[in-house]
1. Find all pairs meeting these conditions: Cβ atoms under 6 angstrom apart; at least six residues apart or on different chains; first residue within segment 107-128 and under 14 Å from Ala70 (Cβ atoms); second residue surrounded by 12 or more Cβ atoms within 10 Å (Cβ to Cβ) and among the aromatic types (Phe, Trp, Tyr).
2. If you go through segment 363-388 one residue at a time, how many are under 17 Å from Arg218 (Cα atoms), part of a strand (DSSP E or B) and over 23 Å from the mean Cα position of the chain (by Cα)?
3. Output the number of residues of segment 37-50 satisfying the condition of being farther than 15 Å from His335 by Cβ and part of a loop (DSSP other than H, G, I, E, B).
4. If you go through segment 66-84 one residue at a time, do you hit one that is farther than 26 Å from Leu171 by Cβ and in a helix (DSSP H, G or I)?
5. Kindly provide the set of residues from segment 161-190 that are under 12 Å from the mean Cα position of the chain (by Cα), surrounded by 24 or more Cβ atoms within 10 Å (Cβ to Cβ) and of a type in the set (A, V, I, L, M, F, W, C), ordered by number.
6. Can you tell me which residue in segment 82-98 is nearest to Gly187 (Cα to Cα), limited to those that are crowded, with 16+ Cβ neighbours inside 10 Å and touching a residue at least 60 places away in the same chain (Cβ under 8 Å)?
7. Being over 16 Å from Glu344 (Cα atoms) and touching a helix residue (DSSP H, G or I) at 6+ places or on another chain (Cβ under 8 Å) is the filter; apply it to segment 22-42 and report the residue that is surrounded by the fewest Cβ atoms within 10 Å (Cβ to Cβ).
8. Surrounded by fewer than 24 Cβ atoms within 10 Å (Cβ to Cβ), at pLDDT 95 or above and hydrophobic (A, V, I, L, M, F, W, C) - does that describe any residue in segment 334-349?
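The values are calculated or read from the model by the stated rules, or taken from the named source; none is laboratory data. Source: prediction; values computed, not measured. Note: ideal-geometry Cβ built from the backbone for every residue, glycine included; neighbour counts use all protein chains shown.
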Amino acid sequence: MKRVVITGIGIYSVLGKNFESVNNSLYYGKSGIGFDPVRKELGFRSGLTGIIERPILKGILPRRLRVGLAEQGEYAYVSTIEALKYAGIDEEYFLKNEAGILFGNDSSSIPVIEAVDGMREKRDTTLLGSGSIFQSMNSTVTMNLSVIFKLRGINMTISAACASGAHAIGLGYNFIRYGMQRMIICGGAQEVNAYSMGSFDGLSAFSIREDEPEKASRPFDADRDGLVPSGGAATVILEEYESAKKRGAPVLAEVIGYGFSSDGNHISVPNQEGPTRAMQMAIKNAKINTSEVDYINPHATSTPVGDANEAQTLHKIFGNNKKLMISATKSMTGHEMWMGGASEIIYSILMMKNDFVAPSLNFETPDEYSEKLNITKKTVDAKIDTVISNSFGFGGTNSTLIIRKI
């Protein structure tokens, strides 16, 4: 089995447009959540969302490469450029070496809507534009980035709801671990536009604490009333350890465990059995004891049932270990959905690298389950070496990743 390490990170998030600004937001507990009046005009129950700007790529990418990029593809391009720069990889490297791409993405709403509107208005499909099909497919991120960066390895999009980004990293880990690839660009991307969120809002799953947007996302708090949708993109460069050493690459962390499962139960209501099996598989895969884990970045979306189930699962697996710190970065970012599993690995790496644990904002009143966990309310300066990150999604898909500092 090959060792798998992370040699580059890049992020375009509601917390910042690069990992340095994101690190500052994490340390100082700065929320990226705000109110979008457009959503209320569209009949949304909740106008809350993560606030993010579209990057301007004109003058950076030629038009023929921009035309196929959907919103989330633009975010992914920016985060990947940053990750490649950190890892010391340029275009010349990809011309001489095989590398792949695995990204989590589970929707591309605006291009589909615009294509349908265009057909109804113009009655001529040839007027939709050459980029329409490439923007509207779920695989829009990987198909575009593989061409932009001239990648010749595995090329696949992982569509697994809110565990998409985490599964992309987990599958990349296995491809490299078994010697099938030496390097894979992995990550997750999530569109943030209102049109992609309407049906989700219709489930009454979003917080309606609109008078205080920054206090709306309240993972594990007794007064939580739902999640806040968010998005952006996150990229990690996965690389075989010996190959990374040979080219003198920086090594941020080692991926040591991946676990997965399906609840096999309700399509939208999570249970405890599925996440338990995913965590137990990851721990067994990593060959560690639960006492070795220093920090957990939980799924913790701020929904009443989901958080209660995860809190009980964490207590069942890790017991009353008060040294084990837990903080939900979704309290600052909202739920980044398809991107979340990848971004939360980057948030964890930044904490690991800079010796702190970010706060769980708005965790003011524990409930009967969260009171048993050591959830950090404020930033804690601490050395953390081993991290677990959980990501769960609709359909009962579960992913657990374990990383360790080298």
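1. As it stands, the answer is Ser109/Tyr195; Ile110/Tyr195; Ile113/Tyr195, since those pairs meet every condition given.
2. The number of residues fulfilling the criteria is 1.
3. Residues in segment 37-50 being farther than 15 Å from His335 by Cβ and part of a loop (DSSP other than H, G, I, E, B): 5 in total.
4. Here is the first cut: in segment 66-84, the ones farther than 26 Å from Leu171 by Cβ are 66-67.
With the extra rule that they be in a helix (DSSP H, G or I), the set shrinks to 66.
Yes, some residue in segment 66-84 is farther than 26 Å from Leu171 by Cβ and in a helix (DSSP H, G or I).
5. Step one: list which residues in segment 161-190 are under 12 Å from the mean Cα position of the chain (by Cα), which gives 161-169, 186-190.
Still in the running and surrounded by 24 or more Cβ atoms within 10 Å (Cβ to Cβ): 162-169, 186-190.
Scanning segment 161-190 gives Cys162, Ala163, Ala166, Ala168, Ile169, Cys186, Ala189.
6. Applying the first criterion (crowded, with 16+ Cβ neighbours inside 10 Å) to segment 82-98 yields 82-84, 86-87, 89, 93-94.
From the residues that got through so far, the ones that are touching a residue at least 60 places away in the same chain (Cβ under 8 Å) too are 82-84, 86-87, 89.
Working: Glu82: 13, Ala83: 10, Leu84: 13, Tyr86: 15, Ala87: 15, Ile89: 17 Å.
Among those that are crowded, with 16+ Cβ neighbours inside 10 Å and touching a residue at least 60 places away in the same chain (Cβ under 8 Å), it is Ala83.
7. Start the filter on segment 22-42 by keeping residues that are over 16 Å from Glu344 (Cα atoms), which leaves 28, 33-42.
Narrowing the set further to residues that are touching a helix residue (DSSP H, G or I) at 6+ places or on another chain (Cβ under 8 Å) leaves 33-36, 38-39, 42.
Details: Ile33: 26, Gly34: 17, Phe35: 16, Asp36: 21, Val38: 12, Arg39: 23, Leu42: 14.
Of everything passing the filter in segment 22-42, Val38 is surrounded by the fewest Cβ atoms within 10 Å (Cβ to Cβ).
8. Within segment 334-349, the first condition is being surrounded by fewer than 24 Cβ atoms within 10 Å (Cβ to Cβ), and the residues that meet it are 349.
Keeping just the survivors that are at pLDDT 95 or above gives 349.
Those left that are additionally hydrophobic (A, V, I, L, M, F, W, C): 349.
Within segment 334-349 (the criterion being surrounded by fewer than 24 Cβ atoms within 10 Å (Cβ to Cβ), at pLDDT 95 or above and hydrophobic (A, V, I, L, M, F, W, C)), the answer is yes, since at least one residue qualifies.
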